Structures are given as structure tokens and as C-alpha cells.
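Here's the structure we're looking at; comments come further down.
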Amino acid sequence: MKRETMDIAIISICVSIASFALSIAITVHNYLKERRNKITFQANNISAWIGSRKKGCNITLMNNTSTPVYNVVITIVFVQGTGPKDGKSVPSSWRYRYISPILPPEQHSCFIDFAGLYGMHARFGVEIAFTDCLNRNWVRSAQGKLIQIKCSPYTYYSLCAPYKLKDLVPN
């Protein structure tokens, strides 16, 4: 074989190997992305926000999936101002917390009395922790960040049993 033919053959082989490696990398990347989306699907569709403020605070919760989530812990936190910025920073006896055994699909609400929580330039948000239908535990911060936690929301917040469980009101 001529030297030129040999060089072209080697280049062709190298390009083929690189193409094969690239296709494997893309396949693995797509698989991992799809797997991550399956793991976080329900958690990504759970949210909570502050609704009306008449003698307290009406919290609106949305479960935009077809299955409920469990062990729901709703905590009012400070988004701006001096005060706890997340639910772990508050004592387990924090009175601006609502605990429900279940958040069914669709929109629901609960009421948390804000008496004594007002402050100059304070802005509040809702942190929600829950267990999804696959028994994975999550926290959605008041800023919207979704974090997977390794224990139940009750343990995560060091809540003491018996829990004062309350039902949510369908909207």
C-alpha cells in the first residue's frame, strides 16, 4: 500500500472512533438527563406562595401532578429583613409553620397567623418540604430552589412528635 493510502485509512479509523465515542457520550448524557427528569418530575411540580394577607396569611399550594405528596411542612421565612431565611434556621416550635399529612393534586390553601412577625422592610416567603410518591424527600426554598434531602421533612426540621397535623383546604 502507498503511504498516502495508509494515512487516509488511519485518519478514517480515527474519525470513526471519535464519532463512536461522541455518540456514546451523547447517549449517556441524554440517559442521565432523562433519569434526572424522572426523579424530579413530581418535585418540580410542587410550589407554594403567599396569597392574601388579611389578619394573617393565606398560603396557596399547588400540586400540579396527578398524585399526592406527603409529610408536608410549610414554613414562613424571611426573604428580606432580619429573621430566619430558611426553615432549618427556626426552632421546632416556630409558630409560623403548618404541617399537613398530605397535599393532594391541584390547588389548596392554608392559613398562618402572622401576628408578631411583621418588621420594617420585611418580606416573607414560603418554604415547603414534602415526601413525593416515590418516597424521596424535598425542600423548595422561598426563592424557588429545589433541594433533595436525605430524611423526612419532620426529621429535617427536628420536629417533635406528636405532630400537630392539619388538613389543607381545596381552592
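The values are calculated or read from the model by the stated rules, or taken from the named source; none is laboratory data. Since we're looking at a predicted model, the values are computed, not measured. FYI the Cβ positions are ideal-geometry reconstructions off the backbone, even for glycines, and counts take in every protein chain you see. Surface accessibility is based on the protein's heavy atoms, side chains included, excluding ligands, DNA and RNA. Shrake-Rupley method; radii C 1.70, N 1.55, O 1.52, S 1.80 Å.
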### Message
On the basis of being within 15 Å of residue 139 (Cβ to Cβ), in contact with a Phe, Trp or Tyr (Cβ under 9 Å, 6 or more places away or on another chain) and open to solvent by less than 30 Å² (accessible area, probe 1.4 Å), does residue 65 make the cut?
### Response
no
### Query
Within the range 148-171, which residues are surrounded by fewer than 13 Cβ atoms within 10 Å (Cβ to Cβ) and either touching a residue at least 40 places away in the same chain (Cβ under 8 Å) or among the aliphatic types (A, V, I, L, M) (or both)?
148, 158, 160, 161, 164, 165, 167, 169, 170, 171
### Message
Looking only at residues that are polar (S, T, N, Q) and in contact (Cβ under 8 Å) with a residue 12 or more places away in the chain in the range 77-124, which one is nearest to residue 47 (Cα to Cα)?
### Response
107
## Note on the structure
Going through the range 56-82 in order, the residues found to be hydrophobic (A, V, I, L, M, F, W, C), more than 14 Å from residue 101 (Cα to Cα) and touching a Lys or Arg at 6+ places or on another chain (Cβ under 8 Å) are 76, 77, 78, 79
### Query
Yes or no: residue 74 β-branched (Val, Ile, Thr) and more than 16 Å from the chain's Cα centre (by Cα)?
no
#### Entry: Those residues of the range 95-116 which are touching a strand residue (DSSP E or B) at 6+ places or on another chain (Cβ under 7 Å), at pLDDT below 90 and in a loop (DSSP other than H, G, I, E, B), in sequence order
96, 114
#### Entry: residue 37, sole failed condition from (1) under 17 Å from the mean Cα position of the chain (by Cα); (2) under 25 Å from residue 169 (Cβ atoms); (3) not in a loop (DSSP other than H, G, I, E, B)
(2)
### Test: residue in the range 10-30 that is under 19 Å from residue 145 (Cα atoms) and under 23 Å from the mean Cα position of the chain (by Cα)
no
